[in-house]
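First comes the structure, then the notes that go with it.
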Amino acid sequence: MATNRLFNKSSLQNSKKESLTLKERLAALGNLPEFFKMVWQTSPRMTISNLFLRIARSATPLAMLYVGKLIIDQVILFSKTPQQHDLTYLWELIALEFALAICSDLLSRAISLLDSLLGDLFSKHTSVQIMEHAATLDLDQFEDSIFYDKLERARQQTVGRTILLSQVMSQLQDLITMGFLAAGLIVFNPWLILLLFVAILPSFLGESYFNDQSYALTRGQTPERRELDYLRFLGASDETAKEIKIFNLSGFVIDRFSLLSDRFYKANKRLAVQRSAWGVFFALLGTAGYYGAYVVIILDAVSGKVTIGELTFLAGSFRQLRTLLEGILTRFTAVSQGAIYLRDFFEFFEIMPKITTADKPIPFPKTIQTGFTFEDVGFRYLNSERWANRHLSFTLFPGEKLALVGENGAGKTTLVKLLARLYDPTEGRILLDGIDLKAYDLADLRMNLGIIFQDYIRYQMSFSQNIAVGNIKEKENESLIKSAAHQSLADQLAEKLPGQYDQMLGKRFSEGVELSGGEWQKVALARAYMKDAQLLILDEPTAALDARAEYEVFQRFSELTHGKSAVLISHRFSTVRMADRILVLEKGELVEIGSHQQLLDKNGRYAELFNLQAMGYR
């Protein structure tokens, strides 16, 4: 019950916060020029073709109505005089109307085809833009829930905006058609146009109001809907299946999913019912207006002011005008609503990375001279009061193997992320050969670093591609991939697989093979050998290996990286002691640094941790 109250209060606050004023809605139309600039970039040829086809299609309704008027007037004229008549002109009119009907149908189908093709291209174009922009953003931005809300809304727009494209183009087409039809009505009776607008206006205002309410509700529910997607993933995923079964979590996940789904359903149902009820009332007003105009036209025909053909023309024009105007006004609210959603799309692209390459970057040194120096470096995560690292001052010398030791949460992984410039220090600075790390070209820096994290990704790709991601530019370099596999001992595994290096890994796709944790780690380690990096970082990537296997991997790693700098993170001291120096972290701060023997002789924190682990083997 308390949870329900919390959710309802949260949703209400979000809905109020996200409600939009009329001024904001009108201002949102200013997003359309930028939107059409993106459409033009997608395919200039298709955009122009679509526009010309719609202009041609907009003229056909008036032409068909007018030809119909001529046909009826001609038939009535012939019916009044019983003598033989030349029907050539009548057949020509019928043939013309038939040709116009065929032309109208062909134009409509061509427009639908172009809308579909252009929409697909635009969806691809915007999806690529989102991925490209996301790749430029900082790691800590991905760790922010507000950022994730914006990212999710931007993703939703890649498909939804293809509908907006069709809506705006249809709006233009209908406006041109209305111009033709309205001209005919104004000639005979301008009051009919006024009556038409009076009948349709309430429906327009109603649709506008409910579209605003729908937008506010949808935008306010974004965080909860992300939770809904996460629960859907938890309940039906190969990655979560074993824990869902072993802990019997399916009931808990399903109950939570059902609870959220029911809340969304009730909120949407309430709005949908209100919208439907008011829609019926506004539709009645529109119908009354149409038949009022129809009565006026009939009275003019009865009094002889217009011919039967003109009666048909005027009635048809008014009927089509009413339909078009209803569509335009309703679509206008949808277009303005779509323009509001565009704000979500463009807001994502307004997020800028803080970690960028300097205006005049210097290249990474061909050979590191003095090493990496931390000068009183501290780092604190976004929206966190706790320091992840603080007062770090040390140097990683060229060719040195440095091990990081500390309990979980001591700041070891954060330190190596600072070294790779995945984060920038909150305070202090990191120098490379005496120059601030920020002065170097960022891509060049990353290219000279080989880093494998504990939570490496198990790509549902081929064996070869899983290794090539370590240096994706060399994805076609078979010899380099095999060399990297040999160095990590993954080549022995490849030889046992049915497809060898072309074997799909993981169970997501057909004929995929799942590896054990230790086997995956050997594949991941091969990625570190794909680059001729001057600094290699292994952040507990061998945790799934047994002690002997890890020792062999690190011994091999030490031999293969001779003359290069390396940073090792491991909880096994049999591995750590192979490093030249060991840096001990506690609560993010450096408490000791030295060789294995020096730290044991010091009998400090390292000696305490070493002896605790040694006791487990006695």
Please tell me if Leu396 is under 23 Å from Gly588 (Cβ atoms), aliphatic (A, V, I, L, M), over 29 Å from the mean Cα position of the chain (by Cα) and modelled with pLDDT of 90 or more.
yes
Residues (part of a helix (DSSP H, G or I), free of Cβ contacts under 8 Å to residues at least 60 places away in the same chain and farther than 19 Å from Val567 by Cα) located in the stretch 499-535:
Gln500, Tyr501, Asp502, Gly517, Gly518, Glu519
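From Lys564, Lys587, grab the single residue that is more than 30 Å from Asp532 (Cβ to Cβ), touching a Gly at 6+ places or on another chain (Cβ under 8 Å) and touching a residue at least 60 places away in the same chain (Cβ under 8 Å).
One residue alone meets the criteria, Lys587.
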Run down Leu20, Leu96, Leu70 and say which single residue is among the hydrophobic types (A, V, I, L, M, F, W, C) and modelled with pLDDT under 70.
Leu20
Among the helices (runs of 4 or more DSSP H) confined wholly to the stretch 536-618, which include 1 or more residues that are among the aliphatic types (A, V, I, L, M), surrounded by 17 or more Cβ atoms within 10 Å (Cβ to Cβ) and modelled with pLDDT under 85?
547-560, 573-576, 605-615
Among Gln173, Gln157, Gln167, Gln129, which is the only one that is assigned by TED's automatic domain parsing to the domain that holds Ala301, assigned to a helix (DSSP H, G or I) and modelled with pLDDT under 75?
Gln157
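How many of the residues in the stretch 474-515 are of a type in the set (Ser, Thr, Tyr) and under 35 Å from the mean Cα position of the chain (by Cα)?
Restricting attention to the stretch 474-515, the residues satisfying the condition of being of a type in the set (Ser, Thr, Tyr) are 479, 483, 488, 501, 510.
Keeping just the survivors that are under 35 Å from the mean Cα position of the chain (by Cα) gives 501, 510.
Selection size over the stretch 474-515: 2.
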Just wondering, is there one or more residues in the stretch 307-317 that are among the aliphatic types (A, V, I, L, M), closer than 20 Å to Met178 by Cα, in the same structural domain as Leu231 (by TED's automatic domain parsing) and touching a Pro at 6+ places or on another chain (Cβ under 9 Å)?
no
Checking Gly406, Gly327 in turn, the sole residue that is surrounded by 14 or more Cβ atoms within 10 Å (Cβ to Cβ), modelled with pLDDT under 90 and either assigned by TED's automatic domain parsing to the domain that holds Asp441 or within 26 Å of Leu538 (Cα to Cα) (or both) turns out to be Gly406
Quick check on the stretch 298-305. Is at least one of its residues assigned to a helix (DSSP H, G or I), at pLDDT below 80 and buried (at least 20 other Cβ atoms within 10 Å of the Cβ)?
no
Selection status of Thr356, part of a helix (DSSP H, G or I) and at pLDDT 80 or above
no
Looking only at the stretch 474-522, and only at residues there that are surrounded by 15 or more Cβ atoms within 10 Å (Cβ to Cβ) and among the aromatic types (Phe, Trp, Tyr), the one that is farthest from Ile452 (Cα to Cα)
Tyr501
Sole exception among (1) of a type outside the set (A, V, I, L, M); (2) surrounded by 14 or more Cβ atoms within 10 Å (Cβ to Cβ); (3) at pLDDT 75 or above for Arg270, by number
(2)
Determine whether the stretch 462-473 contains at least one residue that is surrounded by 15 or more Cβ atoms within 10 Å (Cβ to Cβ) and part of a loop (DSSP other than H, G, I, E, B).
no
Kindly indicate whether any position in the stretch 486-505 is in contact with a Phe, Trp or Tyr (Cβ under 8 Å, 6 or more places away or on another chain) and under 19 Å from Ala533 (Cα atoms).
yes
Tell me, yes or no, whether the stretch 284-295 has at least one residue that is at pLDDT 75 or above, surrounded by 17 or more Cβ atoms within 10 Å (Cβ to Cβ) and more than 25 Å from Leu228 (Cα to Cα).
no
For Pro361, state whether it is over 36 Å from the mean Cα position of the chain (by Cα), surrounded by 13 or more Cβ atoms within 10 Å (Cβ to Cβ), under 30 Å from Tyr423 (Cβ atoms) and not assigned by TED's automatic domain parsing to the domain that holds Phe394.
no
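Every residue, every condition in (1) touching a helix residue (DSSP H, G or I) at 6+ places or on another chain (Cβ under 9 Å); (2) more than 30 Å from Gly179 (Cα to Cα); (3) buried (at least 17 other Cβ atoms within 10 Å of the Cβ), yes or no:
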{"position": "Gly338", "(1), (2), (3)": "yes, no, yes"}
{"position": "Leu342", "(1), (2), (3)": "yes, no, yes"}
{"position": "Phe349", "(1), (2), (3)": "yes, yes, no"}
{"position": "Met352", "(1), (2), (3)": "yes, yes, no"}
{"position": "Ile368", "(1), (2), (3)": "no, yes, yes"}
{"position": "Thr373", "(1), (2), (3)": "no, yes, yes"}
{"position": "Phe379", "(1), (2), (3)": "yes, yes, yes"}
{"position": "Thr414", "(1), (2), (3)": "no, yes, yes"}
{"position": "Thr426", "(1), (2), (3)": "no, yes, no"}
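The values are calculated or read from the model by the stated rules, or taken from the named source; none is laboratory data. Being a predicted model, the structure only gives us computed values, none of them experimental. Note: ideal-geometry Cβ built from the backbone for every residue, glycine included; neighbour counts use all protein chains shown.
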